[in-house]
Each structure stands twice: as C-alpha cells, then as structure tokens.
Amino acid sequence: MNKEAVINQNGKEKAIILLSGGLDSCVTLAIAKDMGYEVYPVHINYNHLTMKRELTAYNDICNFYNIDENKRLIVDISYLSDIGGSALTDRNIKLETNSIPQSTDKLPSSYVPFRNANMISIAVSYAEVIKASKVFIGAVDEDSSGYPDCRKIFFERFNSLLEIALGDNYQVEILTPIIDNNKSEIVKLGMKLSAPLNLTWSCYQGEEESCGVCESCFLRLQGFSRAGETDPIKYAQK
C-alpha cells in the first residue's frame with residue numbers, strides 16, 4: 001500500500017464510513033473516530049421506506065461529530081427500488097414483524113438484493129478519489145442467516161477482489177469492526193464511546209416514530225434490554 005497517498009497532513013489515515021443513520025453504523029463511526037481515522041461518512045439513498053428519516057439521522061450524527069459538509073457524501077441509487085424484490089422498497093411486499101432474521105430458514109422480505117455489494121463499491125470508488133485507506137461498514141454477523149451479504153466470508157472475499165481490482169500501488173481495505181458482536185454488545189460499546197444513540201434510526205417502516213415490531217426494531221429493543229439500558233428513541237409499541 002502506498003502510505004504517502006493515504007495519510008493526511010495531520011498524520012491521520014482517511015476512512016470512508018457507510019453511515020445509514022442506524023445504530024450499527026453510528027457505533028461503527030464512533031469506533032473509526034476512536035481509532036484515530038479522519039472520517040468521511042457516506043449515506044446511500046435507494047428510495048426505501050424510511051429514506052427521509054434515515055437521511056435526517058445521518059445529518060444529525062454528522063453534526064454531532066462536527067463533520068464538515070465537504071467530508072459528507074450522499075449518493076442516490078434508486079435503481080435498487082426499480083429492481084425491487086424487497087419490502088423496504090416495494091409496499092406490495094409484506095414486511096415481517098416480531099421476528100429476527102435467524103427465526104426463519106429463508107431470506108426475509110426486508111432483504112434488499114445485493115445491497116451491501118452496491119454500497120461497498122460506491123464507497124471504494126470514493127476512497128480511490130480521496131485516497132482513503134479504509135472503508136468501514138457496520139455489518140453484523142448476527143444478521144447473516146437472514147442477510148447473506150452480512151457474513152464475514154462476504155467481506156473477506158470482497159477484500160480479496162479489491163487486491164486484484166485496485167492494483168499494486170494503492171489498496172483499500174473493508175473493515176467490519178462489529179461483525180462478531182451481538183446487539184447488546186453493540187449498545188454497550190456505543191455507550192462506552194459516547195456515541196449519539198439517541199440520534200439514530202433503525203426502524204424499517206416508521207418515520208414519525210419507530211414501529212417497534214419490524215425485525216430491525218425487534219433486534220434493537222432486544223439489544224438495549226439485554227444491555228440493561230433504555231432505548232432513547234420513541235416507539236409506537238414495544
């Protein structure tokens with residue numbers, strides 16, 4: 001890796017953070033900052049149900065950390081909505097409630113086909129332009145039985161692909177710092193790092209208040225409960 005290309009004048013390496021505005025991505029951003037990286041948060045819109053609310057959470061988190069506007073990037077990939085196949089982008093597909101991905105032996109309706117690969121590719125493109133050495137994503141292996149692109153092997157293979165795709169003089173590495181953590185551990189880590197969990201948004205379908213019954217809300221509430229903490233955001237029901 002050409003270190004001269006990726007270290008800024010303050011001696012910090014640049015890192016892209018895929019920041020949806022959810023719990024996992026917020027804690028991942030906090031980890032990257034704690035590790036000393038100069039962070040560049042990237043937010044992806046794909047015309048999903050809570051697109052506006054997640055964008056608000058993204059900007060709120062960036063403002064909390066005083067991240068300059070010129071270090072923020074918002075990218076629209078609404079073609080994922082055009083492709084369809086997910087309850088997050090198609091209101092005609094029913095969203096499972098009161099369950100977690102591991103509770104079924106099939107892909108949940110909330111799965112967006114190949115979404116993580118699309119997002120990572122965008123982040124790597126941006127990393128090449130600004131000469132960032134890392135791409136952080138808040139993937140969690142706890143979700144892997146429901147979401148195949150959250151598994152460790154997916155990111156390991158993607159990193160192997162990048163070694164070929166980017167050449168010898170410059171390399172980008174994908175980091176998944178919370179991939180082995182469960183939700184309660186992620187909550188505790190967020191609290192330890194003073195991450196603004198009150199600004200995050202995890203719900204798949206609510207924008208005024210979290211529904212409390214979708215898969216994401218279910219996992220989040222379970223995580224806070226097992227961590228012995230109270231979730232600071234509002235829910236329609238718990």
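A short reminder: the numbers here are calculations on the coordinates, not readings from a lab. The structure presented is a predicted model; accordingly, all values stated were derived computationally and were not measured. Note that each Cβ is placed from the backbone with ideal geometry, even for glycine, and that neighbours are counted across all protein chains shown.
In order along segment 221-238, phi translates into HN-Hα couplings of 4, 4, x, 4, 4, 5, 7, x, 10, 9, 5, x, 9, 8, 10, 5, 7, 10 Hz, rounded to whole numbers, per the Karplus curve 6.51 cos²θ - 1.76 cosθ + 1.60 with θ = phi - 60° and x for Gly and Pro. Amide H contacts of residue 175 (H built 1.01 Å from N, in plane; Pro and chain starts excluded): 135, 136, 137 sit under 5 Å, all sequence-distant by 5 or more or on other chains. Sorting 111-121, 83-93 by average packing, meaning the other beta carbons within 10 Å per residue, from highest down gives 111-121, 83-93. How many angstrom separate the Cα center of segment 117-166 from the Cα center of segment 176-215? Each part reduced to its Cα centre gives a spacing of 20 Å. Determine the shape class of segment 49-193: with a ≥ b ≥ c the square roots of the Cα gyration tensor eigenvalues, call it rounded for a/c under 1.5, and otherwise prolate if a/b is greater than b/c, oblate otherwise. Judged from the Cα gyration tensor, segment 49-193 comes out rounded (a/c under 1.5). Checking the cross-link pairs 33/183; 192/234; 106/134; 52/238; 33/152; 52/234 against a 26 Å limit on the alpha carbon distance flags 106/134 as lying beyond it. Relative to the Cα centre, what is the charge dipole magnitude of segment 3-226, using +1 at the beta carbon of each Lys and Arg, -1 at the beta carbon of each Asp and Glu, and rounding to the nearest 20 debye? The dipole magnitude comes to about 260 debye.
For the chain, what does -39500 (n - 2.57) per DSSP helix run (n ≥ 4), summed and divided by total residues, give at 222 nm, in deg cm²/dmol to the nearest 500? If you can, show how the numbers build up before the last one.
On the way: 7 runs with 83 residues, N = 238.
Calculated mean residue ellipticity at 222 nm is -11000 deg cm²/dmol.
In terms of its Cα atoms, segment 111-238 spans 51, 31, 26 Å along the principal axes, sorted from long to short. Distance between the modelled labels on residue 165 and residue 193, one decimal in nanometres: 2.4 nm (7 Å Cα→Cβ projection).
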